[in-house]
1. Order of 149-156, 174-181 by packing, highest average Cβ count within 10 Å first?
2. Show the residues, 5+ positions off or on another chain, whose built amide H is closer than 5 Å to the amide H of I154.
3. For the full complex of protein chains and a 1.4 angstrom probe, list S182, S42 by accessible area with the highest value first.
Amino acid sequence: MGRTATSNSTNSYTGSLDEVRIWNTVIDTATVFFWQDQELTSSHPNISNLQAYYKFNEGVGSTANDLTADYLDSYESDGTITGAEWVASDIPNFAVYDDEDLQEDTVEGNAALSFTGADENYVDCGSDSELQMGTHDLTVEFWLKTGATGTQKIIANGSTTTSDNGYAIKMLSNGRIRADISDGTTSDGKQSN
């Protein structure tokens, strides 16, 4: 998160990032809109498809906890924070829950990560298979706030070339969001209107 890869700082992200959710299914628009202003709880209709959930509420330290292990008890893709700073989250009207299933937060409240666009600002979540595109559907949700201009890589995993399976989500210089994907045999990209 925050740049293309740990070894590539081209178009690094400048701004705040919060509530990153990666699913191995398509989440319908109504569900996305219903849950966009609140933390996930075990009552989410697609909770069994959650692959990674970074609330960034730790507020301190160099680890971004992936909370999916608390829900699914199968794996966890904690991220190593390099250079990004903890800040108070400023998602407007955001509902914070103290879900008993999610007790890994080390501080009360709602935090976020701030990236400066510098080479050393990123979160490395590894290359666990549950974070990769593979041959399944994928939904990536996140909240961001930036005042920066220019193309910025927000979240990426793997490569988006035809021979690799991966994805990259970036903000273009015109302010639109673009997602580039590859399933290992074909690659494609789409941008928001």
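The values are calculated or read from the model by the stated rules, or taken from the named source; none is laboratory data. Just so you know, these numbers come straight off a predicted model, no measurement behind them. Cβ placement follows ideal geometry from the backbone for every residue including glycine, while neighbour counts extend to all protein chains displayed. These area figures cover heavy atoms from the full protein model, side chains too; ligands, DNA and RNA do not enter into them. Shrake-Rupley method; radii C 1.70, N 1.55, O 1.52, S 1.80 Å.
1. The densest-packed peptide leads the list: 149-156, 174-181.
2. I169, K170, M171
3. S42, S182
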